[in-house]
């Protein structure tokens with residue numbers, strides 16, 4: 001396929017199910033019908049999707065518990081991991 | 001001759017050479033390593049007949065490659081104690097819990113739970129629920145914290161009929177040793193029970209905000225990917241985990257209270273998060 005703007009050679013890429021033709025010469029991009037909408041939808045999903053809450057029981061610690069905190073150095077935590 | 005000297009003699013009889021080294025463990029249990037042999041004097045409280053059945057089960061081919069097999073398939077009597085003899089293995093390093101073999105532990109539990117009971121000698125009930133009840137009983141005080149922990153344990157929801165499968169009964173990272181591969185150890189609570197109890201301690205740590213969610217996901221994911229049968233199929237894993245994780249939370253909180261009291265100190269931050277977890281349980 002030739003670039004409609006500068007007649008350069010266009011190369012086809014596939015990214016996440018979207019076909020993209022890019023001109024080797026002017027770097028211009030050509031999208032197939034409907035692919036702009038696909039990209040827009042993917043972008044909004046990327047921005048809108050909240051991180052899925054870690055599943056757990058109703059009584060679980062609120063998100064952002066103590067893990068990763070300084071308790072990992074605490075003797076009682078390591079002791080608990082390794083004992084009855 | 002003292003118990004430790006007798007145990008060192010037993011270790012030598014099974015090929016253990018060199019200086020005997022006593023391993024720190026529960027106060028009612030003595031574990032002594034001599035070279036490549038480990039000898040364990042079990043708690044006086046443990047029922048010897050149950051121990052005998054459990055030891056036979058781990059000596060059987062059905063759990064080979066899942067649980068460490070004993071060097072001696074019979075329970076010995078030494079200085080009035082029930083004694084078992086084991087090959088030594090390398091325990092999990094305690095310096096970096098995130099780097100511990102969580103996946104391997106989960107896969108071993110999945111394989112253990114999948115062992116058909118028909119391939120094993122008769123077994124007693126798994127010891128998890130009784131162990132939890134004992135931990136609660138050991139709390140002597142009756143302050144608000146003790147009352148809260150007791151309430152969390154007493155008000156466990158009713159459960160639907162549960163699977164009765166081969167269950168370790170007391171799983172934590174100290175129950176793994178490496179020989180040519182990772183293996184489960186400790187037969188004391190092995191038996192027929194609800195296998196979700198084996199996942200309940202990490203579940204309780206996770207629900208208390210102590211265990212990194214990424215580590216919990218690794219553990220749970222490896223269990224499910226190995227076809228572990230404890231949690232049903234394709235449903236919310238917490239449907240089966242909820243009750244045993246509540247029980248383990250109360251058990252861990254009770255142990256923490258007893259430890260702090262024995263050492264005449266306040267609960268630390270880690271221990272306190274288990275009490276907070278009990279508080280959320282009674283309000284859930």
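Where a number appears in this text, it was derived from the coordinates with a stated rule and is not lab data. No experiment lies behind these values; they were computed from the predicted model shown. Positions of Cβ are backbone-derived with ideal geometry, glycine not excepted, and every protein chain shown enters the neighbour counts.
Volume per residue of the convex hull around the Cα atoms, evaluated for the protein assembly as shown, comes out as 208 Å³.
At full extension, residue B:25 and residue B:13 could sit 2.0 nm farther apart than now, given 0.36 nm per residue minus the alpha carbon distance.
Pairs of Cα atoms in the stretch A:1-48 fall into 10 Å distance bins, from 0 up to the last occupied one, in shares of 28, 44, 23, 5 percent.
With Cα atoms defining each centre, the stretch B:145-171 and the stretch B:208-272 are spaced 12 Å apart in the structure. Give me the Debye-computed log₁₀ of I(q)/I(0) at q = 0.12, 0.27 Å⁻¹ for the stretch B:3-87, equal point scatterers on Cα only, no solvent, two decimals. Here log10 of I(q) over I(0) equals -0.33, -1.37. Every helix of 4 or more DSSP H residues in chain B counts as -39500 (n - 2.57), and over all residues that averages to -13500 deg cm²/dmol at 222 nm.
Sorting the Cα pairs of chain B by distance into bins of 5 Å, from 0 upward, gives 1, 6, 12, 16, 17, 17, 15, 10, 5, 2, 0, 0 percent per bin.
Going from the fewest other Cβ atoms within 10 Å to the most, the residues B:3, B:173 appear in the order B:3, B:173.
Put in order of Cβ neighbour count within 10 Å, fewest first, the listed residues B:23, B:168, B:42 become B:23, B:42, B:168. Going from the residue with the fewest nearby Cβ atoms within 10 Å to the one with the most, B:96, B:47, B:212, B:194 rank B:96, B:47, B:212, B:194. Dimensions of the stretch B:203-284 based on its C-alpha atoms, expressed as ranges along the principal axes with the largest first, amount to 46, 24, 17 Å. The alpha carbon convex hull volume per residue for the stretch B:81-169 rounds to 218 Å³. Taking label points 7 Å from Cα along the Cα-to-Cβ direction, residue A:58 and residue B:117 give a separation of 3.1 nm. In this simple spin-label model, placing a label point 7 Å from the Cα along the Cα-to-Cβ direction at both residue B:155 and residue B:90 gives a separation of 4.8 nm. Axis of helix B:128-137 versus longest Cα principal axis of chain B: the two differ by about 70°, to the nearest ten degrees.
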